[in-house]
Amino acid sequence: MIWQDLLKIRTDAPLVHNITNYVVMNTTANALLAIGASPVMAHAIEEVEEMTGLAQALVLNIGTLSQSWIEAMLIAGKEARRRNIPVVLDPVGCGATQFRTNTVQKLIDEIHPTVIRGNASEIRALISTGSGTKGVDSLHTPDEVSEDAARLSKSAECVVSVSGPVDLVVEGKVVVRIANGNPMMTKVTGMGCTSSAITGAFLAVNNSAIRAAAHAMAVMGIAGELAAERAAGPGSFQMNFLDSLYCIKESEISQRLKMQGFNQTSIG
Amino acid sequence: MIWQDLLKIRTDAPLVHNITNYVVMNTTANALLAIGASPVMAHAIEEVEEMTGLAQALVLNIGTLSQSWIEAMLIAGKEARRRNIPVVLDPVGCGATQFRTNTVQKLIDEIHPTVIRGNASEIRALISTGSGTKGVDSLHTPDEVSEDAARLSKSAECVVSVSGPVDLVVEGKVVVRIANGNPMMTKVTGMGCTSSAITGAFLAVNNSAIRAAAHAMAVMGIAGELAAERAAGPGSFQMNFLDSLYCIKESEISQRLKMQGFNQTSIG
Amino acid sequence: MIWQDLLKIRTDAPLVHNITNYVVMNTTANALLAIGASPVMAHAIEEVEEMTGLAQALVLNIGTLSQSWIEAMLIAGKEARRRNIPVVLDPVGCGATQFRTNTVQKLIDEIHPTVIRGNASEIRALISTGSGTKGVDSLHTPDEVSEDAARLSKSAECVVSVSGPVDLVVEGKVVVRIANGNPMMTKVTGMGCTSSAITGAFLAVNNSAIRAAAHAMAVMGIAGELAAERAAGPGSFQMNFLDSLYCIKESEISQRLKMQGFNQTSIG
């Protein structure tokens with residue numbers, strides 16, 4: 001249940017360790033605080049293992065990657081897996097450069113993330129690496145996105161969360177669709193990265209990775225709808241989005257939720 | 001025509017590759033999104049060449065420079081020139097330290113930027129380096145700023161865009177003056193850096209570098225005026241500025257524009 | 001007098017050199033601008049000494065530390081002391097990892113900061129290092145915080161400023177308590193870091209370090225109260241906080257101030 005997860009985040013204030021990109025550090029830290037979690041950003045090779053050991057979730061995001069940050073991600077990711085701390089991997093810009101695609105492949109191989117959260121192009125790039133059968137310029141029909149996510153879920157043995165007009169959260173053959181959200185979310189930098197950070201917060205309080213990932217996307221989408229209704233543009237949207245994450249009510253979730261794919265009893 | 005450029009940015013969503021400073025990454029990415037462009041931030045030596053090759057404009061900003069970032073700027077800048085991708089150089093803090101002044105001089109010499117965009121002190125510092133005849137403490141009268149910009153335009157063979165109470169955009173002997181803007185813009189960090197990023201977006205859609213640079217400053221100034229009228233201080237100004245960039249109308253531009261120096265037909 | 005300090009900041013616009021963490025660079029620069037100071041962020045080993053030499057205060061913050069940044073902090077810090085430029089040290093996350101605790105100890109030993117500003121856990125961690133008698137999980141009663149701050153003030157020979165529900169500013173046996181502020185301040189990232197930056201601005205205009213540190217915490221707290229009254233959540237709080245720093249009036253300070261510990265004449 002989404003609301004129970006949210007209450008648990010607000011009560012437990014789980015520590016979410018982020019090794020993320022410069023562009024979104026401030027806004028993802030604020031989103032984690034707004035939802036009730038405790039963010040920490042730390043990337044020094046000398047301390048990431050110790051910091052991850054204190055955390056209830058680890059979020060790795062390659063948005064502004066460089067060599068020493070990749071090494072820190074590998075150290076932190078391995079420590080997380082050793083301690084059964086859930087790991088979210090956000091393959092920002094995967095497919096745009098070979099360096100990004102190779103790095104993400106290496107992180108998947110060595111860390112085995114709990115959830116990979118990206119957009120359709122990024123997920124496609126990770127599939128193409130293996131098979132070489134599809135180019136990054138292909139159209140992404142809903143069926144193709146679903147197929148790509150299922151293939152990546154199988155090969156990487158993890159939950160795959162794909163944001164888009166309809167978000168998909170996939171684990172093996174289970175596909176959950178969340179139709180919440182607002183186009184204004186694409187006009188603010190880092191909303192995808194924020195989804196990944198919030199997914200980390202839900203993983204900290206829900207042992208089912210597919211439910212945690214889906215609940216995170218649902219809350220992101222509903223907070224986005226609430227914010228868009230009060231916004232005059234992307235500046236006021238960003239402000240209202242943080243307010244909405246902080247203020248979101250059980251009734252707002254239950255009335256707006258458009259999630260399909262779980263058994264009846266788990267929705268809401 | 002400014003409005004035609006804006007429509008083209010909104011339609012084409014040109015990719016603007018930024019190698020910029022930590023302070024403004026978030027706000028410049030948001031400004032680019034608000035105006036309709038697609039920002040990407042990437043600085044790893046392993047990927048900047050490939051990333052620049054995908055972009056329609058490159059923006060280099062030395063605000064929080066360090067050695068490996070300078071190397072990345074040189075690689076990206078040379079790739080941009082090889083591919084005829086326009087380059088904006090923002091010499092943040094040039095003149096404050098020898099390291100900044102030397103770095104900017106090196107970037108100019110090796111990259112030959114399309115547009116250099118800075119404030120009067122930064123432009124002065126670049127002139128003084130060569131001649132040694134003027135100190136950084138000199139007053140900057142409008143005539144002096146114009147003269148400095150003309151000298152730099154000649155020596156660097158590029159357009160020089162100087163922000164201030166009246167913005168100047170200079171190419172050789174052509175001087176365009178834009179008297180839009182609001183003093184509140186000096187109370188928010190990174191408004192100059194945002195001007196540089198927005199200049200990149202206009203260069204992506206307008207082959208005339210001087211027109212692109214002038215149009216960028218005009219839109220910045222008018223969005224600043226609109227935002228200031230709705231703001232209670234610099235916090236609400238920043239929010240309203242992004243909203244204004246996103247919502248700006250053709251009539252707001254034509255009614256407010258205070259631009260002099262182009263032929264009659266090109267204004268508006 | 002707080003108001004006199006504020007007027008002096010607005011008039012002199014002192015340059016505050018920050019070597020700080022990625023998460024808060026934008027928001028602390030904006031807070032410094034809002035209050036009337038001039039922020040500069042620079043961390044390259046090639047330029048920090050020169051940049052510090054231009055500044056009226058130096059703020060060191062280890063929030064996202066790494067080796068080359070520590071070296072820059074040491075160079076800048078030593079230059080500041082050589083020139084009698086006041087130094088604020090913010091030991092973000094001290095106690096969470098050995099790397100942070102060791103780094104802060106090294107910075108204290110080699111730089112002798114003017115003011116150390118942190119929260120109760122961070123201050124405790126610096127005491128525990130020496131004595132080993134108290135764990136980081138101990139409760140922080142007001143008396144314990146006061147005792148910890150006094151011990152650190154004595155051993156580090158500096159002013160210690162501890163933010164919390166009631167802020168404490170301690171120098172030797174003098175303890176100043178500031179009971180301003182609002183719980184919403186804990187829901188926005190970097191409010192502590194902002195306190196440190198603002199402390200730098202006050203140190204630039206007031207030769208008494210304990211008064212400067214206390215005045216900074218008072219203005220932070222009062223601006224926080226004003227912002228919270230206008231905020232619907234942490235997003236609008238952040239915006240209103242910057243507006244409040246910019247707009248704060250003498251009457252708002254005198255009516256709201258809850259500061260104890262200085263002689264009667266110095267309050268207000």
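The values are calculated or read from the model by the stated rules, or taken from the named source; none is laboratory data. All values derive from a computational prediction rather than experimental measurement. Here the Cβ is made from the backbone with ideal geometry for all residues, glycine too, and neighbour counts use every protein chain on show.
What to note about this one:
- Filter result for the condition that a residue is closer than 18 Å to C:Ala213 by Cα and away from chain B (no Cβ under 11 Å), over C:Gln98, C:Gln56: C:Gln56
- B:Ser131 satisfies every condition listed in (1) within 14 Å of chain C (Cβ to nearest Cβ); (2) modelled with pLDDT under 95 except (1).
- C:Ala76 being within 14 Å of chain B (Cβ to nearest Cβ) and out of contact with any Gly (no Cβ under 8 Å at 6 or more places or on another chain): yes
- If the condition is being under 19 Å from the mean Cα position of the chain (by Cα), within 13 Å of chain B (Cβ to nearest Cβ) and polar (S, T, N, Q), then the stretch A:224-256 contributes only A:Gln238.
- Subset of the stretch B:171-193 [hydroxyl-bearing (Ser, Thr, Tyr) and either part of a helix (DSSP H, G or I) or surrounded by fewer than 24 Cβ atoms within 10 Å (Cβ to Cβ) (or both)]: B:Thr186
- Of the set (1) more than 14 Å from chain B (Cβ to nearest Cβ); (2) touching a helix residue (DSSP H, G or I) at 6+ places or on another chain (Cβ under 8 Å); (3) more than 25 Å from B:Ser236 (Cβ to Cβ); (4) not β-branched (Val, Ile, Thr), all apply to C:Asp109 but (2).
- Exclusive hit being more than 21 Å from A:Val88 (Cβ to Cβ), of a type in the set (Gly, Ala, Ser) and not in a strand (DSSP E or B), set A:Ser254, A:Ser196: A:Ser254
- Whichever residue in the stretch C:224-268 is more than 30 Å from B:Phe241 (Cβ to Cβ), at pLDDT 95 or above and among the hydrophobic types (A, V, I, L, M, F, W, C) and, among such residues, is surrounded by the most Cβ atoms within 10 Å (Cβ to Cβ): C:Met259
- Any chance C:Asn21 is surrounded by fewer than 21 Cβ atoms within 10 Å (Cβ to Cβ) and part of a loop (DSSP other than H, G, I, E, B): no
- Any hit, the stretch B:211-223, residues being within 14 Å of another protein chain (Cβ to nearest Cβ), touching a residue at least 12 places away in the same chain (Cβ under 8 Å), part of a helix (DSSP H, G or I) and surrounded by 24 or more Cβ atoms within 10 Å (Cβ to Cβ): yes
- Enumeration of residues in the stretch A:91-105 that are touching a residue at least 24 places away in the same chain (Cβ under 8 Å) and β-branched (Val, Ile, Thr): A:Val92, A:Thr101, A:Thr103, A:Val104
- Which listed residue, of A:Thr186, A:Thr199, is among the polar types (S, T, N, Q) and within 13 Å of another protein chain (Cβ to nearest Cβ): A:Thr186
- Considering only residues in the stretch A:45-84 that are in contact with a Leu (Cβ under 7 Å, 6 or more places away or on another chain) and crowded, with 23+ Cβ neighbours inside 10 Å, the one that is farthest from A:Thr189 (Cα to Cα) turns out to be A:Ala80.
- Yes/no for A:Ala44 being in contact with a Phe, Trp or Tyr (Cβ under 9 Å, 6 or more places away or on another chain) and among the aliphatic types (A, V, I, L, M): yes
- Residues that are farther than 22 Å from C:Phe237 by Cβ and either at the interface with chain B (Cβ under 8 Å from one of its Cβ atoms) or in contact with an Asp or Glu (Cβ under 6 Å, 6 or more places away or on another chain) (or both) within the stretch C:27-44 comprise C:Val40, C:Met41, C:Ala42, C:His43, C:Ala44, listed in sequence order.
- Within the set B:Ile108, B:Ile75, the sole residue that is of a type outside the set (Gly, Ala, Ser) and either within 21 Å of B:Glu50 (Cβ to Cβ) or touching a residue at least 60 places away in the same chain (Cβ under 8 Å) (or both) turns out to be B:Ile75.
- Test for B:Val162: is it in a loop (DSSP other than H, G, I, E, B) and crowded, with 24+ Cβ neighbours inside 10 Å: no
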